[in-house]
Structures are given as C-alpha cells and as structure tokens.
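Nothing in this text is a laboratory measurement; each read-out follows from the coordinates by a stated rule. Predicted model only: the values in this text are computed from it and were never measured. Note that we place each Cβ from the backbone using ideal geometry, even for glycine, and neighbour counts take in every protein chain shown.
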Amino acid sequence: MPRINALVFAIIVTITPVFAQYGIDFALVEDTVQTGTSVITWHFIVTNTGSVPDTYALDLSVIENSAGWYVQHCAGGICAEPGIILTIALNPAAADSLIDVQVFIDSGPDTAILNYRAYSLGDTTQRDSFNLYAISELSVEEEDNHEAGQPTMSVFPNPFSQQTGVCFEVDNRQQSVASIKIYDLSGRVVKSFGSLPYAPSPVHVGWDGVDDGGRVVPEGVYFVRVEGASFAEQQKIVKLQ
C-alpha cells in the first residue's frame, strides 16, 4: 500500500503545469501633448516585467492627421509608417528606451491625433496605449498676415481636460461679434455663448467642456467659431479625458 501512494504522488508532481508569467510596462517620457513647427517626437520605454523572455508588438494608428504631415514610429533601429507593426524582444527585467513616434509638420496650424499601443505576444492581454496630440504653432509671418478688421483669436490651454479659455479681439471698432459657438466634427453645435457686443479690449470666454444640455462632452476634436456680420474666425481645439 505505501508503494501505491508513492506512485500516485509522483504522477501528480509530473503533470503539474508550470505557468509562464508575462508582463509589460509601457511608459511615455514626455507629455501626451506636444507642440512644434517642424518635427514633434515622443520617446517611450518598454520594460519586460514578466518572468520569461517575451516579444512585444508596437502598433501606431492615426485617429486624425493634417494633409501633408508625415507620421512614423521607430524601434530597434527600424522606422515604419502607421499600420506596420514593429517588434522588440526582451529578457525579464530588460528594457528598451529607443522607441520614438514622430510627426513631421508640413504646414500649420493644425492637429494630429495618434494612438500608440504596445502588447505582449506571449499574452496579448498584457497591453497599454497612449493617445498622442501633435499641434503645430503659427509662425510670426502667418500672424502678421492677419487681415485688418478680422478677429484675432486664441484658445488656451489647448488641448484641455477640464477648462479652456477663448480670447479674441476685433481690430475694427465698427465690427460687432454676432456669435461664439463650439461645434463637434459632425458640424453639430454643442455649445453656444450667444451674441456678444464689440469691446475695446480683448474678450475672454471660458468653456468647461460642458454642452448646452449640461453634459460633459467626450474626448475629441472640436471647433470654436467667432462670427460677425462681415467676418468669421475658426480654430480647432482638443478635449482630453
């Protein structure tokens, strides 16, 4: 009888599986929002937090991009366009910090919105991702070419998460501001501030990301438009979570 017990125990030990532990830490060195006039770059680090060697996939996708802007991601000395997956192999506790996403700006002002994700090929549930926002800046020459009598408008902060401000000024005192409205990408008015008369100093209007119905608008791209009887000015703004 003792011999049978020993045999059963040996069988149990033999068939007990050993589970590999996969893990990933995907970190962004800079903020998700970057501004510039030529090239915008984000730097990433991928760390193998598992107990076994693993290979990680890097996938870049474009949510929105300006015409003429070029986007790429680089890892392991290889660069590729969005939609082409790059891979890196790491031993446990090893890290790779030579991972970049770049936006080459052809003209401005405009915005690009990207999504960059990394995931384990050993266990695809081990993943993380970032939404990236590239915003081009107006050059001095572009600002000087603004027509007289047209409103000068700025939005800050942009992108924003909880509160942003719209500031505008009309050069011609004969003008009057008819309306200030915020539109979504479908062209629907989500927020209207009504009519505002001309003021000799800049006019500031705050927006807390809430629509006319009192609901917080989702993350995405919106347009603020200042419009009068003989002028109109529009600017893109980005709402973060």
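If R0 is taken as 22 Å, the Cβ-Cβ distance between Val52 and Phe130 corresponds to a FRET efficiency of 0.30. Among residues other than Asp211 with Cβ under 13 Å from its Cβ, the summed charge is +2 (Lys and Arg +1, Asp and Glu -1). Extension gain for Glu169 to Ser154 (0.36 nm times residue separation, less C-alpha to C-alpha distance): 4.5 nm. Globularity index of region 24-136 is 1.07 (Cα radius of gyration / 2.2 N^0.38 Å, N = number of residues). The antiparallel fraction among DSSP beta bridges confined to region 24-136 stands at about 90%. For an R0 of 22 angstrom, estimate the FRET efficiency from the Cβ-Cβ distance between Phe104 and Thr32 and round to the nearest 0.05. Between Phe104 and Thr32 the formula returns 0.75.
Please give the FRET efficiency for Asp211 paired with Ile84, using the beta carbon to beta carbon distance and R0 = 41 Å, rounded to the nearest 0.05. It comes to 0.60. For Ile113, the shell of other residues with beta-carbons less than 13 Å away shows a net charge of -1, using +1 for Lys and Arg and -1 for Asp and Glu.
Please compute the net charge surrounding Gln102, taking Lys and Arg as +1 and Asp and Glu as -1 over other residues with Cβ under 14 Å from its Cβ. Computed value for this residue: -4.
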